[in-house]
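Working notes, beginning with the structure itself.
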Amino acid sequence: MKRFAALALLFAAISAPSPAHEIDRDGLTVAAEEAGFDGTLLVARGDEILFERAFGTVAPDGDAPHELGQVWRWHSISKQIAATIAMMAVAEGRLDIDAPIARYLPDTRQPFADRLTTAQLMQHLSGLRHADDGPFADNGYPRFYIVAPDSEETGVSFCEGPTEVEPGETFRYGDCDYVMVAAILEAIYGKPYAEILDEKILTPLGMTNAGLARDAAIGVEGYENGEPERKLRLGAASAAAANYGTAHDLLKFSRALMSGSLIPSDLRERMWLGDGRYGFAALGQWAYEAPVAGCERPLRIIERRGAGMGTQARNIILPDQDMVIIAFTNRSEADFNFGEVWTGDAFTLDLLEAAACR
């Protein structure tokens, strides 16, 4: 814990809050319209929503406009939430994320459970199997997301299965890591992950339109290559990708995380410690600094993105500015590109410039 406290002091020293400024609302609107963004966009500082607007139409060739208050699938933002719950368990003395998972899952079939840690799961250094390696269903998705919940081809049964990759050897992003995190949390708390999520996050924060999906029939329908999205069973992804809710629900989570009401600051700073060897992946999110035009110094960015089927989500926390930027679109990655901040030319970069660097 002393090491975590030292990290917190370090970040406090180098990340003093920046003065509040007026955001460029016109710039946000222009950026969304010029990019052809279809969805909703929200910018908040502290507990105040500074900008919120819906853009475009639900269907690519339709007339029905997007509206504020829609329920969206959050996809891999779910991992950020699960990582936070894991850190809450650390704060309660229930979980040591640097201990082998065999301590919590003594009956697991995972071949390296005696040295694989929860922290390695949270940072995608586990060496676990990957659903993206197949087998695949007729619609092109891995069968992991299609078959019945009790099948050996999905869930913990699949994820803990054979692997020859030693933990800690390779960074490889995948849902199985957080399926196993959920299993550890279930073992610790003695109840299903959906109940843990509700008790730890949803109910205390008043996230009244949020939950954990069991199938694909949640929220705004997505589009892939201009066509209605293919369907899959989100419940298979559990803590990895099954959360849903409104933008306001997600804002409540992000504010609570940023303000320190969910986990102590030292644990949050460990969770937000990006590793440059792995593209600045932290625990359940990405944490990095980037120069942005109009800002006096590089922005410290905590980014969690999600995508699947025909929708995408972005949850961007700017701790030094006390700001949150949330974006949802019901166009697939093939249809709309948020881009990468470090390229110097991206929709996400335009949002950061207008919101934080006027």
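Taking 20 °C and 1.002 mPa s as conditions, segment 201-323 diffuses translationally at an estimated 132 µm²/s according to Stokes-Einstein applied to its Kirkwood radius (Cα pairs).
Take the residue pairs 191/252; 200/252; 79/200 and return only those whose Cα atoms are more than 19 Å apart. Present the calculation step by step, with values, prior to reporting the outcome.
Details: 191/252 24 Å; 200/252 13 Å; 79/200 15 Å.
From the list (191/252; 200/252; 79/200), the Cα-Cα distance tops 19 Å for 191/252.
Semi-axis lengths, largest first, of the ellipsoid equivalent to segment 215-286 are 29, 17, 11 Å, with √(5λ) applied to each eigenvalue of the Cα gyration tensor.
Give the average over all directions of the projected area of the C-alpha convex hull of segment 183-231, one decimal, in nm².
Numbers: hull surface 18.9 nm².
Across all orientations, segment 183-231 yields a mean hull projection of 4.7 nm².
Dividing the mean sequence gap of close Cα pairs (under 8 Å, 6+ apart) by how many residues segment 14-108 holds gives a relative contact order of 14 percent. Stokes-Einstein diffusion for segment 260-358 at 4 °C, viscosity 1.567 mPa s, with a Kirkwood radius from C-alpha pairs, works out to 91 µm²/s. When only alpha carbons are used to place a centre, segment 299-358 and segment 244-285 end up 15 Å from one another.
Which whole number of Å³ per residue matches the convex hull of the alpha-carbon atoms in segment 19-113?
Spread over its residues, the Cα hull of segment 19-113 gives 217 Å³ apiece.
The convex hull drawn around the Cα atoms of segment 272-313, when projected onto a plane and averaged over every direction, covers 4.0 nm².
Coordinate-derived values only; no laboratory data. Remember, it's a predicted structure, so these values are computed and weren't measured experimentally.
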